[in-house]
Amino acid sequence: MQRVSRWLLVGVAVVAACWLCAGPAAAQSAGADNESLSPDSTLIRIDAGADGTAAWEIQYQFYLTEPGEREAFTSYRQDIEANRSTYVEAFAADIRPSVRQAENETGREMALSNVTVTVRRQRLAQSTGIVTYRFAWSGFVGGNASTLRIGDAISGFYLGPDTRLTVAWPEGYRLDRVTPEPTETRSDRVAWVGELGFGSTAPRIVASETVDSEPATAGGFPFLAAGVAVLVLAALGAAGVLYVRRRPTDGADGPGDGATVAESTAGSTAGTAAASDGDDGAGDGPSADLLSDDERALSAIRDHGGRIKQQELADACDWGDSKTSRVVSRLRDDDEIEVFRLGRENVISLPEETHD
């Protein structure tokens with residue numbers, strides 16, 4: 001078996017105390033007429049656990065635009081599936097030196113476990129090959145149960161071009177500080193996009209456990225205040241209905257003698273609905289002002305048949321490049337969309353799984 005995965009196996013390696021995310025130049029796929037393969041983008045995600053263990057995922061994406069590339073990836077996929085344990089063992093052998101060096105530098109006991117590899121094809125606007133390595137790294141997270149300190153085990157990490165690093169922390173924690181400034185910050189994670197070198201004292205992330213306020217008790221003021229408020233509102237509501245029922249009216253001022261508030265409201269609602277039926281498309285869906293940025297983006301993609309260039313999305317939503325990039329990154333992290341390069345442009349598609 002050819003070691004066609006050599007460039008893929010070295011996902012991270014410590015060289016002279018500097019972390020390098022592998023930027024493979026090329027690989028020869030067996031039985032594929034020597035067709036060269038190299039990843040078009042790399043996604044790295046680190047999920048830090050409160051127990052000190054981090055779950056890693058390194059995903060390599062190949063845009064299979066030419067018949068030769070598709071043939072090469074098919075051959076490569078078959079090779080992985082037929083020799084999965086060999087690929088896993090070789091990957092683990094390449095990662096362990098990095099774990100050992102991080103252990104020495106941080107003083108924390110560390111270990112690598114649960115290494116796996118998966119390979120699949122996904123059909124977007126074009127066929128995409130995806131190879132994913134996953135593993136657990138115990139001792140990766142420093143600090144304690146109330147304060148997680150993330151990043152010292154990968155000081156000097158380097159992100160190559162078209163590489164994205166996402167670091168997430170568990171539910172129940174909030175971000176205190178992060179260095180350097182992330183490309184994107186969310187409530188449960190931060191992300192950087194390469195090409196980017198972190199330097200010898202970065203990245204650094206500190207996340208602290210959130211402290212929930214004590215629940216209100218039956219004898220406490222919050223519960224008492226809430227109860228009083230409910231009673232007051234109920235009394236006011238009853239008084240209002242009674243007032244409307246008993247208020248003398250004539251035909252010009254309001255509903256007739258026997259009309260109730262509900263009947264009057266129903267009539268008003270019906271009139272409003274009838275009036276809106278005459279508007280051009282006014283009742284077809286929610287106003288764009290009522291949609292979140294993510295919903296507006298997804299709506300625009302669907303309106304374009306499930307595929308749109310990123311610049312076209314910016315124009316459709318009347319956004320600048322920075323905001324469009326943030327929204328696209330967020331949707332990609334949530335697996336709502338897929339993004340690939342077509343020439344010099346990003347193309348966004350709604351995902352569609354295939355099993356070929």
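Determine ³J(HN,Hα), in whole Hz, for all residues of the range 301-316 in sequence, where each value follows from phi through the Karplus function 6.51 cos²θ - 1.76 cosθ + 1.60 and θ = phi - 60°; x replaces Gly and Pro.
5, 5, 4, 9, x, x, 8, 7, 6, 4, 5, 5, 5, 4, 5, 5
Please work out the Cα center distance from the range 33-78 to the range 143-217, rounded to the nearest Å.
24 Å
When the expected Rg is taken as 2.2 N^0.38 Å, what fraction or multiple of it is the alpha-carbon Rg of the range 110-184?
Ratio of Cα Rg to 2.2 N^0.38 Å: 1.41.
DSSP loop (so not H, G, I, E, B), at most 15 other Cβ within 10 Å: list which trypsin sites (Lys or Arg not before Pro) in the range 290-349 pass both filters.
Qualifying residues, ordered by number: 344.
Please give the per residue accessible area of the range 35-145, computed with a probe of 1.4 Å over protein heavy atoms only, in Å².
With all protein chains present, the range 35-145 gives 40 Å² per residue.
Three principal axis extents, largest first, for the C-alpha atoms of the range 289-346, in Å?
Principal extents (Cα only, largest first): 35, 24, 23 Å.
Net charge near residue 330, counting Lys/Arg +1 and Asp/Glu -1 over other residues with Cβ under 13 Å of its Cβ?
-2
Counting Lys +1, Arg +1, Asp -1, Glu -1, what net charge surrounds residue 106 among other residues with beta carbon under 12 Å of its beta carbon?
So the surrounding residues net to -1.
Within the range 92-140, what whole-number % of the accessible surface is contributed by carbon and sulfur, with the 1.4 Å probe and all protein chains included in the calculation?
Result for the range 92-140: 44 percent of the exposed heavy-atom area is carbon or sulfur.
How much net charge surrounds residue 116 when only other residues with a Cβ under 9 Å from its Cβ are counted (Lys, Arg +1; Asp, Glu -1)?
Residues close to residue 116 contribute a combined charge of +2.
The values are calculated or read from the model by the stated rules, or taken from the named source; none is laboratory data. All figures in this text were calculated on a predicted structure; none of them were measured in a lab. No Cβ is skipped: glycine too gets one built from the backbone with ideal geometry, and neighbour counts run over all protein chains shown. The area values use the complete protein model at the heavy-atom level, side chains included, leaving out ligands, DNA and RNA. Shrake-Rupley method; radii C 1.70, N 1.55, O 1.52, S 1.80 Å.
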